[in-house]
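Chemist: What follows is a structure written as structure tokens; I'll ask about it next.
The values are calculated or read from the model by the stated rules, or taken from the named source; none is laboratory data. This one's a predicted model, so the numbers in the text were calculated from it and none came from an experiment. Glycine gets a Cβ as well: all are built from the backbone with ideal geometry, and neighbour counts include every protein chain shown.
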């Protein structure tokens, strides 16, 4: 054999995905026999959550009817019609196109790929879901993060967004409710983002995958509902609200001025046709999910609210850790004071305690701050055990690493 080495494409160099990357270390620690407490991946099915029965039954029926071949590239008719009704319920008018994808992740990938050229940029929330930065690295677009304001309930910092817009900016992404912070954007914030998008000819990508998971009686506002002319792609899916992340079923709703959007819509559909179709039988679960019984959500939010309250209470009780109460989703993003590297803190936590969380730098954060993301899907007894371990660990960590470094 020669010494020839196959070099990977340069575009993969900066692709990272902290949520999964941290599992490599967790697996190594698990092999030592240590008890592991996983608070790192937002998969309800790993814990005491199940999808609505009628969603499973309708999908199973589709398989038995042998709807197991290719689907239409944009999705089956019953699914598209149900998503259109969902858009209407969300107040989204002037809908120009709807397409079903292999999870919301594929919809996001397709829409970014169809829009952004080399050297251009997209405003991306920080903290935010690492998929967006991974796709932008793959596309070799320029990074253009904007910050969420922790002191204002993690709302997007409008002044920061204004300062980041340049002649190469093509779009602005919002994640609402947000992953990893659990924030729920106010109508006032959303209207200011619309104003900027119209002034600078930007497309708005609105990731609303957690839009039904709101606590404390909070309501979700879809940004596309506030202005029928602004170009918006609203992303949704079954994964979180209906607890079937393994189905990989998502969608995009394109709304706004048709003359502005028509060429872009065709570009999106070119890519959808090229990849053939999303999962076929699972699409038959969309209509019964969106149009059927929603009682599972009431049960889910009672459980999530209890677990959220426990998370916030116990994290804020740890000296040196503070946590803004999330209003939606099932994530919290506590802040760690007086440390220099949250990735190191997280690695040591996993090795010392078996508690698996994700370092805040994996989602992006304001320079000089350190955080970690908690998934509070597990039952209260698991969460309580994990939080007690975090509290004990943090005190030891500060004693071992912080005070030594000061000397």
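Chemist: Consider region 366-387. How many of its residues are within 20 Å of residue 25 (Cβ to Cβ), touching a strand residue (DSSP E or B) at 6+ places or on another chain (Cβ under 7 Å) and not in a helix (DSSP H, G or I)?
Modeler: Total satisfying the criteria: 6.
Chemist: Tell me, yes or no, whether region 296-303 has at least one residue that is closer than 29 Å to residue 216 by Cβ, in contact (Cβ under 8 Å) with a residue 24 or more places away in the chain and in a strand (DSSP E or B).
Modeler: Within region 296-303, none of the residues are closer than 29 Å to residue 216 by Cβ, in contact (Cβ under 8 Å) with a residue 24 or more places away in the chain and in a strand (DSSP E or B).
Chemist: Continuing with the same structure: Since residue 91 meets every condition but one in (1) part of a loop (DSSP other than H, G, I, E, B); (2) free of Cβ contacts under 8 Å to residues at least 40 places away in the same chain, which condition does it not meet?
Modeler: The single condition residue 91 does not satisfy is (2).
Chemist: Can you confirm whether residue 155 is under 17 Å from residue 366 (Cβ atoms) and not assigned by TED's automatic domain parsing to the domain that holds residue 371?
Modeler: Details: under 17 Å from residue 366 (Cβ atoms): yes; not assigned by TED's automatic domain parsing to the domain that holds residue 371: yes.
Spelling it out, residue 155 is indeed under 17 Å from residue 366 (Cβ atoms) and not assigned by TED's automatic domain parsing to the domain that holds residue 371.
Chemist: Test of understanding: among 30, 79, 18, 71, which residue is outside the structural domain of residue 274 (by TED's automatic domain parsing), in contact with a helix residue (DSSP H, G or I) (Cβ under 8 Å, 6 or more places away or on another chain) and surrounded by 11 or more Cβ atoms within 10 Å (Cβ to Cβ)?
Modeler: Details: 30 fails: in contact with a helix residue (DSSP H, G or I) (Cβ under 8 Å, 6 or more places away or on another chain); 79 fails: outside the structural domain of residue 274 (by TED's automatic domain parsing); 71 fails: outside the structural domain of residue 274 (by TED's automatic domain parsing).
Being outside the structural domain of residue 274 (by TED's automatic domain parsing), in contact with a helix residue (DSSP H, G or I) (Cβ under 8 Å, 6 or more places away or on another chain) and surrounded by 11 or more Cβ atoms within 10 Å (Cβ to Cβ) holds for just one of 30, 79, 18, 71, which is 18.
Chemist: Mind checking whether some residue in region 239-247 is in contact with a strand residue (DSSP E or B) (Cβ under 6 Å, 6 or more places away or on another chain), buried (at least 22 other Cβ atoms within 10 Å of the Cβ) and outside the structural domain of residue 365 (by TED's automatic domain parsing)? Please lay out each step first, then the result.
Modeler: Applying the first criterion (in contact with a strand residue (DSSP E or B) (Cβ under 6 Å, 6 or more places away or on another chain)) to region 239-247 yields none.
No, every residue in region 239-247 fails to be in contact with a strand residue (DSSP E or B) (Cβ under 6 Å, 6 or more places away or on another chain), buried (at least 22 other Cβ atoms within 10 Å of the Cβ) and outside the structural domain of residue 365 (by TED's automatic domain parsing).
Chemist: How many residues does region 1-23 contain that are under 19 Å from residue 137 (Cβ atoms) and either assigned to a helix (DSSP H, G or I) or in contact (Cβ under 8 Å) with a residue 40 or more places away in the chain (or both)?
Modeler: Our first condition is that a residue be under 19 Å from residue 137 (Cβ atoms); within region 1-23, this holds for 7-22.
Narrowing the set further to residues that are either assigned to a helix (DSSP H, G or I) or in contact (Cβ under 8 Å) with a residue 40 or more places away in the chain (or both) leaves 10-22.
Selection size over region 1-23: 13.
Chemist: Inside region 113-129, can you point out the residues that are surrounded by fewer than 22 Cβ atoms within 10 Å (Cβ to Cβ) and within 16 Å of the chain's Cα centre (by Cα)?
Modeler: Listed by number, the list holds a single entry, 126.
Chemist: So which residues in region 94-120 are outside any helix (DSSP H, G or I) and either more than 17 Å from residue 231 (Cα to Cα) or outside the structural domain of residue 219 (by TED's automatic domain parsing) (or both), if there are any at all? Walk me through it before giving the result.
Modeler: First, the residues of region 94-120 that are outside any helix (DSSP H, G or I): 94-102, 114-120.
If the condition is that a residue be outside any helix (DSSP H, G or I) and either more than 17 Å from residue 231 (Cα to Cα) or outside the structural domain of residue 219 (by TED's automatic domain parsing) (or both), then 100, 101, 102, 117, 118, 119, 120 are the ones that fit.
Chemist: Would you mind finding the one in 128, 119 that is modelled with pLDDT under 95 and out of contact with any helix residue (DSSP H, G or I) (no Cβ under 6 Å at 6 or more places or on another chain)?
Modeler: None of the other options fit; the residue is 119.
Chemist: Of these, 143, 199, 188, which one is within 30 Å of residue 297 (Cα to Cα), surrounded by fewer than 20 Cβ atoms within 10 Å (Cβ to Cβ) and free of Cβ contacts under 8 Å to residues at least 24 places away in the same chain? Explain how you work it out, then say what you get.
Modeler: Values: 143 fails: within 30 Å of residue 297 (Cα to Cα); 199 fails: within 30 Å of residue 297 (Cα to Cα).
Of the residues listed, the single one that is within 30 Å of residue 297 (Cα to Cα), surrounded by fewer than 20 Cβ atoms within 10 Å (Cβ to Cβ) and free of Cβ contacts under 8 Å to residues at least 24 places away in the same chain is 188.
Chemist: Still on this structure: Kindly evaluate residue 211 against the criterion of being surrounded by 21 or more Cβ atoms within 10 Å (Cβ to Cβ) and assigned to a loop (DSSP other than H, G, I, E, B). Give the derivation first.
Modeler: Details: surrounded by 21 or more Cβ atoms within 10 Å (Cβ to Cβ): yes; assigned to a loop (DSSP other than H, G, I, E, B): yes.
Here the answer is yes, as residue 211 does meet what is asked.
Chemist: Residues to consider are 138, 168, 89; find the one that is surrounded by fewer than 19 Cβ atoms within 10 Å (Cβ to Cβ) and touching a strand residue (DSSP E or B) at 6+ places or on another chain (Cβ under 7 Å).
Modeler: Among 138, 168, 89, only 168 is surrounded by fewer than 19 Cβ atoms within 10 Å (Cβ to Cβ) and touching a strand residue (DSSP E or B) at 6+ places or on another chain (Cβ under 7 Å).
Chemist: Name every residue in region 321-353 that is surrounded by fewer than 20 Cβ atoms within 10 Å (Cβ to Cβ) and in a helix (DSSP H, G or I), in order of residue number.
Modeler: 343, 344, 347, 348, 351, 352
Chemist: Among the residues of region 170-187, is any over 17 Å from the mean Cα position of the chain (by Cα) and within 19 Å of residue 210 (Cβ to Cβ)? Break it down stepwise before answering.
Modeler: So the first thing to find is which residues in region 170-187 are over 17 Å from the mean Cα position of the chain (by Cα), and the list is 170-171, 186-187.
Then keep just the ones that are within 19 Å of residue 210 (Cβ to Cβ); that gives 186-187.
For region 170-187, residues over 17 Å from the mean Cα position of the chain (by Cα) and within 19 Å of residue 210 (Cβ to Cβ): present.
Chemist: I'd like to check something: does region 249-263 contain any residue that is closer than 27 Å to residue 47 by Cβ, part of a helix (DSSP H, G or I), touching a strand residue (DSSP E or B) at 6+ places or on another chain (Cβ under 7 Å) and not assigned by TED's automatic domain parsing to the domain that holds residue 392?
Modeler: Initially, region 249-263 is screened for residues closer than 27 Å to residue 47 by Cβ, giving 249-251.
Remaining after also requiring part of a helix (DSSP H, G or I): none.
No, that holds for no residue.
Chemist: Every residue in region 208-236 that is in contact with a helix residue (DSSP H, G or I) (Cβ under 7 Å, 6 or more places away or on another chain) and under 27 Å from residue 163 (Cβ atoms), please.
Modeler: 221, 223, 226, 227, 230, 231, 232, 233, 234, 235
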